[in-house]
Amino acid sequence: MDFAKVIARIKAILTTPKTEWPVVATEPASVGGLYTGYIVIVAALPAIAHFIKSSLIGYSAFGMTVRSSFGGGITSLVLGYVLSLVLVYVMALIVNALAPSFGGQKDMTQALKVVAYSWTASWIAGIAVILPWIGWLIALAGAIYAIYLLYLGLPSTMKCPPEKAGGYTAVSVIIAVVLSWIIGLIVAGVVGTAMLGGAAMGGMHLGSSDSGNVSLDSNSALGKLAAMGQRAEQAGKDMDAAQKSGDSAAQSAAMGKMMGAMAGGGNVEALPPEQIKAFLPDSLGDLKRTNLSAQRNAAMGMQVSEADAEYAADNGRHIRLEVSDTGGAKGLVSLATAMAPEEEKQTEHGYEKTWSANGNLIHEQWDSESKYGEYGVLVGQRFSVKASGNVDSVDQLKQAVASVDLDKLAALKDAGVKAN
């Protein structure tokens with residue numbers, strides 16, 4: 001994958017769309033190539049940003065901060081991301097089918113081009129969800145600009161008369177809004193059920209060379225995205241071959257292989273529930289364990305395991321300790337770790353901060369008035385260990401996390417990884 005080309009296309013389609021669309025229309029391309037070379041990369045950005053906001057930073061209002069559980073956040077990340085990729089393809093099918101009605105020419109590859117490249121504005125602006133207050137305004141502006149890009153792109157890609165592009169765009173956007181609403185309901189329903197059962201870009205280094213290649217820090221967000229695209233390249237070739245064969249089973253298998261390559265760098269089986277449950281101790285000091293549960297679930301074929309325990313003392317102090325294995329989504333978690341912002345804020349009765357140390361993402365929150373806090377660590381860019389509850393000090397939550405053998409967890413970061 002030519003990552004320099006991806007960056008150049010993003011810049012050109014956003015800043016000079018009128019001259020870029022004719023270039024896009026004449027480029028040789030394939031469905032698989034568009035996915036692996038562009039769509040899976042750019043579409044991942046808002047999904048990761050939403051995960052950072054909902055599960056790591058949280059939504060604050062009226063002095064309260066609400067976060068999704070880590071498991072719920074991962075489920076939302078994976079399911080929302082995969083469904084967004086499906087939505088792009090479905091929208092391309094619709095744009096292609098509508099072409100004759102507006103004087104255009106049917107061409108599935110061109111339809112996927114115009115959908116994917118016009119949605120670039122919305123995907124890039126979607127990263128702003130991390131920002132407080134103004135994030136939604138930026139995301140809304142991106143969505144509006146994406147509609148404008150679609151309007152400009154339809155005449156070049158689908159060969160419709162310019163005077164009919166407005167109607168073509170309007171019908172396409174209405175259908176997209178309805179489909180997006182349906183997908184939102186699906187994600188909300190799945191994530192809500194999962195919860196009942198149980199950060200900003202950094203490190204990017206751009207350098208030029210005679211060949212025009214872009215040099216990326218392999219540990220940065222863009223570096224990890226580049227690696228993801230490279231892993232998915234062969235899967236994209238398989239998808240193209242399956243599409244040409246007309247074999248629906250082969251197409252489904254190829255798409256599944258691509259999802260695995262994108263989300264986890266391969267086929268990853270999460271730890272068995274019994275194995276992850278064993279990391280939770282029988283007690284935390286004078287707090288005795290009152291219940292223990294573990295489960296392994298799959299979202300779109302990608303497994304996630306979770307185990308949690310409740311600990312309580314006679315004086316009312318209690319701690320909930322959770323250990324999660326992101327399994328099949330560990331590639332996306334690695335990206336989230338690279339993109340998560342480091343921040344610290346003070347409140348009237350406490351503080352909240354997020355930072356990275358030794359390659360691990362750490363989140364800490366404490367309220368001295370309610371004596372409630374949270375302390376969590378992402379280990380090996382795969383495992384989450386989090387303690388929360390009402391205790392005397394945040395140090396007890398840190399000790400609870402330390403009671404889990406973090407080094408042993410980190411050593412299991414490649415466990416269950418299977419060759420494709």
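The values are calculated or read from the model by the stated rules, or taken from the named source; none is laboratory data. Here the structure is a predicted model, which is why all the values come from computation and not from measurement. As a convention, Cβ positions derive from the backbone with ideal geometry for all residues, glycine included, and neighbour counts pool all protein chains shown. What goes into the accessible areas is simple: the full protein's heavy atoms, side chains included, and nothing from ligands, DNA or RNA. Shrake-Rupley method; radii C 1.70, N 1.55, O 1.52, S 1.80 Å.
What are the pairs with Cβ atoms under 8 angstrom where one residue, in the range 91-105, is under 13 Å from residue 156 (Cα atoms) and part of a helix (DSSP H, G or I) and the other, located anywhere, is polar (S, T, N, Q) and open to solvent by 60 Å² or more (accessible area, probe 1.4 Å)? Sequence gap at least six, or different chains.
Filtered contacts from the range 91-105: 99/105.
Could you grab the pairs with beta carbons closer than 8 Å, sequence gap of 6+ or different chains, first residue in the range 273-302 and on the phi > 0 side of the Ramachandran plot, second one modelled with pLDDT of 95 or more and outside any loop (DSSP other than H, G, I, E, B)?
Pairs that qualify, where the first residue is on the phi > 0 side of the Ramachandran plot and the partner is modelled with pLDDT of 95 or more and outside any loop (DSSP other than H, G, I, E, B), are 285/396; 285/399.
What's the total number of residues in the range 23-52 that are open to solvent by 20 Å² or more (accessible area, probe 1.4 Å) and within 16 Å of residue 8 (Cα to Cα)?
Here the count works out to 3.
Considering every residue within the range 143-159, establish whether at least one is under 27 Å from the mean Cα position of the chain (by Cα), modelled with pLDDT under 85 and within 23 Å of residue 51 (Cβ to Cβ).
Checked the range 143-159: at least one residue is under 27 Å from the mean Cα position of the chain (by Cα), modelled with pLDDT under 85 and within 23 Å of residue 51 (Cβ to Cβ).
Please indicate, with yes or no, whether at least one residue in the range 128-150 is buried (at least 21 other Cβ atoms within 10 Å of the Cβ) and out of contact with any helix residue (DSSP H, G or I) (no Cβ under 6 Å at 6 or more places or on another chain).
No.
Scanning the range 333-343 for residues that are touching a Lys or Arg at 6+ places or on another chain (Cβ under 7 Å) and either open to solvent by less than 40 Å² (accessible area, probe 1.4 Å) or of a type in the set (A, V, I, L, M, F, W, C) (or both), which turns out modelled with the lowest pLDDT?
Keep residues of the range 333-343 that are touching a Lys or Arg at 6+ places or on another chain (Cβ under 7 Å), which gives 333-335, 338, 343.
Among the residues that remain, those that are also either open to solvent by less than 40 Å² (accessible area, probe 1.4 Å) or of a type in the set (A, V, I, L, M, F, W, C) (or both) are: 333-335, 338.
Details: 333: 62, 334: 63, 335: 55, 338: 61.
The selected residue is 335.
Checking residue 316 against (1) at pLDDT 95 or above; (2) farther than 26 Å from residue 54 by Cβ, which single condition isn't satisfied?
(1)
List every residue pair whose Cβ atoms lie under 7 Å apart, where the two residues are 6 or more positions apart in sequence or sit on different chains, the first residue falls within the range 366-382 and is more than 18 Å from residue 344 (Cβ to Cβ), and the second residue, located anywhere, is of a type in the set (Ser, Thr, Tyr).
Pairs that qualify, where the first residue is more than 18 Å from residue 344 (Cβ to Cβ) and the partner is of a type in the set (Ser, Thr, Tyr), are 381/334; 381/337; 382/326.
Would you point out which residue out of 42, 78, 95, 90 is at pLDDT 70 or above and closer than 30 Å to residue 365 by Cα? Show your work before the answer.
Details: 42 fails: closer than 30 Å to residue 365 by Cα; 95 fails: closer than 30 Å to residue 365 by Cα; 90 fails: closer than 30 Å to residue 365 by Cα.
Exactly one residue qualifies, and that residue is 78.
For (1) at pLDDT 90 or above; (2) more than 14 Å from residue 270 (Cα to Cα), each residue gets a yes or a no:
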position	(1), (2)
329	no, no
345	no, yes
356	no, yes
362	no, yes
370	yes, yes
377	no, yes
